[in-house]
Amino acid sequence: MSAPLNTIRVLDLSNVLAGPFCGHLLAHLGAEVIKIEPPAGGDLARELGADPDLSARGMGVSFLAQNAGKKSVALNLKDAQDKARFLRLVRSADVVLENFRPGVMGRLGLGYDTLKAVNPRLIYCAISGFGQSGDWAKNPAYDQIVQGMSGVMSITGDADSAPLRVGYPVADTVGGLMAAFAISAMLNAPERGGVIDVSMLHAMLGTMGWAVSNWLIAGVAPTPNGNENLTSAPSGTFRTQDAPVNIAANKDAQWQLLARHIGREDLLEHPDFATREDRKRNRIALRGQIESVLVTRPADDWVQELNALGVPAGKVFTVPQILDHPAIAESGLIATYANVPGVGRDVRLVRPGLRIDGQVPTVSAPPPRLGQHTDEIFAQLDATDRQDKPDKR
């Protein structure tokens, strides 16, 4: 498979999710990602996840989720000898990635200027909650804090349930995506080197264009509307006989096909539903009329028939249901690592959701044990140093 970053070495000092997710993407694109972890415990994610036994062993589910294919080097960056060893690694690296609070690397004596003196072509990427400068820069930030401050929670749920947290760490994940995107771009620059400052708050707002532009341009404040798509109707989640389905009849032609297929041509002539704006204003009444027919038959039937007509529809799955569905289970998106060291059993993990030349990016190695590659990496550096020194005999 194509591995476009196969000549790139990334030193990943990050912790838990935003930075490690960035490293996860870079590793699957071919980069050698070396996790620099504190010897006492390592990445905090090693202690997190739904399996207490794995957390106690330092191989928590949260760690396993985004660290396959990486190497682990245990270094105490407060120790002078380990700091010197880290700087040796920096000389060989293309990227340093960290998600400490702003100022931490400087206090360790390892800020960008110090690292640049060792390696002028180094790309330095810092992910934080609120960026490297400004009034909030030094505030601690977790995913839920950023979800709340970005406005995402205010528009998630409905009038009764909002503000509501998105059901997975979306702010951390978006921050990691933004960092991987910026790193990949800077690796392609004619003059390599420089600082990337990723604010999770800014990254979230940068992905909310449709919502924030309604306020910036139209002066309409975004509101929580549950499963309804405010741009059109009927477009949202509908009850059927056995499970909910999403239907997006966003175009007039799709609305007409839907109404005719469910035997409700009369709705096409109803003045409350005559135009897109009419349907939007009366979306709740319209949903009730449509559901009165949909509840008579199973979700799978409606999804198959509507999609065949050109009306977008999809069943609302649980996570186990979609992972077990042949569309995912047979797609190559799920990797299986056999008898993972430190875990003692097989581990199934999600790969990045993309294809290159028709193939899903893969890594061969499972997530590493803490410090697993320390000796290996420094032995390689020793061998390289010996090759670079001229023979004085």
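A short reminder: the numbers here are calculations on the coordinates, not readings from a lab. Given the structure is predicted, the values throughout are model-derived calculations rather than measurements. Virtual Cβ from ideal backbone geometry, glycine too; neighbours counted across all protein chains shown.
Being surrounded by fewer than 15 Cβ atoms within 10 Å (Cβ to Cβ), in contact (Cβ under 8 Å) with a residue 12 or more places away in the chain and either of a type in the set (A, V, I, L, M) or over 26 Å from P298 (Cβ atoms) (or both) is true for just one of L268, L216, L230. Which residue is that? Give the steps one after another, and end with the answer.
Numbers: L216 fails: in contact (Cβ under 8 Å) with a residue 12 or more places away in the chain; L230 fails: surrounded by fewer than 15 Cβ atoms within 10 Å (Cβ to Cβ).
Exactly one of L268, L216, L230 is surrounded by fewer than 15 Cβ atoms within 10 Å (Cβ to Cβ), in contact (Cβ under 8 Å) with a residue 12 or more places away in the chain and either of a type in the set (A, V, I, L, M) or over 26 Å from P298 (Cβ atoms) (or both), namely L268.
Out of the residues in segment 309-327 meeting the condition of being of a type in the set (V, I, T) and in a loop (DSSP other than H, G, I, E, B), tell me which one is surrounded by the fewest Cβ atoms within 10 Å (Cβ to Cβ). Walk me through how you get there before you give the answer.
As a first pass, look at segment 309-327 and keep what is of a type in the set (V, I, T): 311, 316, 318-319, 322.
Pick out the ones that are also in a loop (DSSP other than H, G, I, E, B) and you get 311, 316, 318.
On the way: V311: 23, V316: 15, T318: 9.
Among residues in segment 309-327 that are of a type in the set (V, I, T) and in a loop (DSSP other than H, G, I, E, B), the one surrounded by the fewest Cβ atoms within 10 Å (Cβ to Cβ) is T318.
With A379, A335 as the choices, which residue is farther than 21 Å from L29 by Cα and either of a type in the set (G, A, S) or in contact (Cβ under 8 Å) with a residue 40 or more places away in the chain (or both)?
Values: A335 fails: farther than 21 Å from L29 by Cα.
None of the other options fit; the residue is A379.
Working carefully through the options R46, R57, R107, R121, find the one that is surrounded by fewer than 24 Cβ atoms within 10 Å (Cβ to Cβ) and within 30 Å of D346 (Cβ to Cβ).
Numbers: R46 fails: surrounded by fewer than 24 Cβ atoms within 10 Å (Cβ to Cβ); R107 fails: within 30 Å of D346 (Cβ to Cβ); R121 fails: within 30 Å of D346 (Cβ to Cβ).
Selected residue: R57, the only one of R46, R57, R107, R121 that is surrounded by fewer than 24 Cβ atoms within 10 Å (Cβ to Cβ) and within 30 Å of D346 (Cβ to Cβ).
Kindly indicate which of L306, L258, L349, L286 is touching a strand residue (DSSP E or B) at 6+ places or on another chain (Cβ under 6 Å), in contact (Cβ under 8 Å) with a residue 24 or more places away in the chain, of a type outside the set (V, I, T) and in a helix (DSSP H, G or I). Reasoning before the result, please.
On the way: L258 fails: touching a strand residue (DSSP E or B) at 6+ places or on another chain (Cβ under 6 Å); L349 fails: in a helix (DSSP H, G or I); L286 fails: touching a strand residue (DSSP E or B) at 6+ places or on another chain (Cβ under 6 Å).
Answer to the selection: L306.
Quick one: in segment 170-203, of everything that is assigned to a strand (DSSP E or B) and hydrophobic (A, V, I, L, M, F, W, C), which residue is farthest from A141 (Cα to Cα)?
The extreme case among them is V195.
For V166, indicate whether it is in a loop (DSSP other than H, G, I, E, B), hydrophobic (A, V, I, L, M, F, W, C), within 19 Å of the chain's Cα centre (by Cα) and farther than 29 Å from D82 by Cβ.
Criteria met by V166.
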